[in-house]
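The values are calculated or read from the model by the stated rules, or taken from the named source; none is laboratory data. Please read all numbers here as calculations on a predicted model, not as lab measurements. Here the Cβ positions follow ideal geometry from the backbone for every residue, glycine too, while neighbour counts run over all protein chains shown. SASA here: full protein model, heavy atoms, side chains in, ligands and nucleic acids out. Shrake-Rupley method; radii C 1.70, N 1.55, O 1.52, S 1.80 Å.
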Amino acid sequence: MTNPIALLIGWLLDLIFGDPQRLPHPIVWFGKAIAFFEHRLNKGSHRKLKGAFTAVFLIACVFVLTWGLLHSLHLLPSPIGEGLGVRLLLDAIIIFYCLAGTTLIREVRAVFLALDRSLDEGRKQVARIVGRDTSELSAQEVRTAALETLAENLSDGVIAPLFWLAVLGTPGMLAYKMVNTLDSMIGYKTERYRDFGCWAAHIDDVANYIPARLTALLMSAAHFSLLPFHFSLQYGRNHASPNSGYPEAALAGILNCRFGGPHYYFGELFDKPYIGENNRELTTADMKKAVRINRTAEVLMVILTALCLWVRY
């Protein structure tokens, strides 16, 4: 199992630096691998079967290769291979790359700052973090999209990776990032991806089932109230995803606002139900409150994960 000290080092690196812009990132490699298979296999017949092979093969490869790398360190010349230093460093680097809390918060803040300058800048900035068509969004819809993404990616980018770190160590954490990347690239119900990305989407649903609900609970704890969690249970099903609605509903309950509604993805209109009922105007103060909730929930999850790793180490 992973040394809890590696978790603290990796988390602090993310807290300070965020995603390393000038360094090679595993997610970029994951994306290239997915694109390689998708371009060659997503055509002709049996697309669902070929998509299943792609998803399972890539996830298994990431887990096995990471596990093999970490467990081959003893082959290094003594005393390097016998000490904890190299393993600790590798685990910390993997954790650093797998966490996306700081970068996400920076991007959401940048959306609100850009929107203060102009609607067009706000639309361009929010397009960096959402998959929907942003060219026709109103100022309210830009703010809503940014806050929805903040809540959803607290689960996908922080809580879920830490959950799988606690369960399966750093190989499981990195394999989860492949699961998440597969879903973000091919897990859509569009004409192109409906069959090929079916398994990727379902695997992502399973991998995020517990983390999404845990995220809503942690957000409620950060708010010192169980009302947001009850709100998530009430409205969490009002989402196309079986998981994303829960953290979004928790944040909507905390902010007393409304998320969801119809959006365009890849030129196709998806009529999503609303989450919450109060269609009030969102403000920068709401963004700051949401960021504070996110950070507190993240700290709580880091503590829980560290305790779990310490008990099992």
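Values for this structure:
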| read-out | value |
| --- | --- |
| Criterion violated by Leu217 - all others in (1) in a helix (DSSP H, G or I); (2) open to solvent by less than 10 Å² (accessible area, probe 1.4 Å); (3) of a type outside the set (Ser, Thr, Tyr) satisfied | (2) |
| Among the residues listed as Ala285, Ala249, the single one being closer than 27 Å to Ile186 by Cα and either in contact with a strand residue (DSSP E or B) (Cβ under 7 Å, 6 or more places away or on another chain) or open to solvent by less than 70 Å² (accessible area, probe 1.4 Å) (or both) | Ala249 |
| Within region 1-56, tally of residues that are open to solvent by 80 Å² or more (accessible area, probe 1.4 Å), of a type in the set (D, E, K, R) and within 28 Å of Arg87 (Cβ to Cβ) | 2 |
| Near pairs, Cβ below 7 angstrom, 6+ apart or cross-chain, from region 96-113 (without any contact (Cβ under 8 Å) to a residue 12 or more places away in the chain) to any residue that is open to solvent by less than 20 Å² (accessible area, probe 1.4 Å) and hydrophobic (A, V, I, L, M, F, W, C) | none |
| Filter result for Val291 (open to solvent by less than 30 Å² (accessible area, probe 1.4 Å), over 25 Å from Gly187 (Cα atoms) and assigned to a helix (DSSP H, G or I)) | yes |
| Long-range neighbours under 7 Å by Cβ, at least six apart or interchain, first residue within 14 Å of Ser244 (Cβ to Cβ) within region 175-189, second aliphatic (A, V, I, L, M) | Asp183/Ala200; Asp183/Ala201; Gly187/Ala200; Gly187/Ala201 |
| Residue check, Val86 part of a helix (DSSP H, G or I), open to solvent by 30 Å² or more (accessible area, probe 1.4 Å) and at pLDDT 95 or above | no |
| Condition met for Ala92 (within 24 Å of Pro262 (Cβ to Cβ), open to solvent by less than 10 Å² (accessible area, probe 1.4 Å), modelled with pLDDT of 95 or more and not in a loop (DSSP other than H, G, I, E, B)) | no |
| Criterion violated by Leu226 - all others in (1) more than 27 Å from Ile95 (Cβ to Cβ); (2) open to solvent by 60 Å² or more (accessible area, probe 1.4 Å); (3) among the aliphatic types (A, V, I, L, M); (4) in contact (Cβ under 8 Å) with a residue 40 or more places away in the chain satisfied | (4) |
| Failed item, numbered, when Val299 is tested on (1) farther than 15 Å from Glu141 by Cα; (2) touching a helix residue (DSSP H, G or I) at 6+ places or on another chain (Cβ under 7 Å) | (2) |
| Candidates Leu90, Leu7, Leu70 - the one that is in contact with a helix residue (DSSP H, G or I) (Cβ under 6 Å, 6 or more places away or on another chain) and hydrophobic (A, V, I, L, M, F, W, C) | Leu7 |
| Flag if Gly236 is of a type outside the set (Val, Ile, Thr) and touching a helix residue (DSSP H, G or I) at 6+ places or on another chain (Cβ under 6 Å) | yes |
| Residue in region 186-207 that is assigned to a helix (DSSP H, G or I), modelled with pLDDT under 95 and open to solvent by 40 Å² or more (accessible area, probe 1.4 Å) present | no |
| Test set (1) open to solvent by 50 Å² or more (accessible area, probe 1.4 Å); (2) among the basic types (Lys, Arg); (3) in a helix (DSSP H, G or I) - Lys177 fails condition number | (1) |
| Cβ-Cβ under 6 Å pairs, at least 6 apart or on other chains, region 134-145 side free of Cβ contacts under 8 Å to residues at least 12 places away in the same chain, far side buried (at least 23 other Cβ atoms within 10 Å of the Cβ) | Thr134/Val126 |
| Extreme residue, most open to solvent (accessible area, probe 1.4 Å), among residues of region 96-147 that are under 26 Å from Leu12 (Cβ atoms) and not in a helix (DSSP H, G or I) | Arg128 |
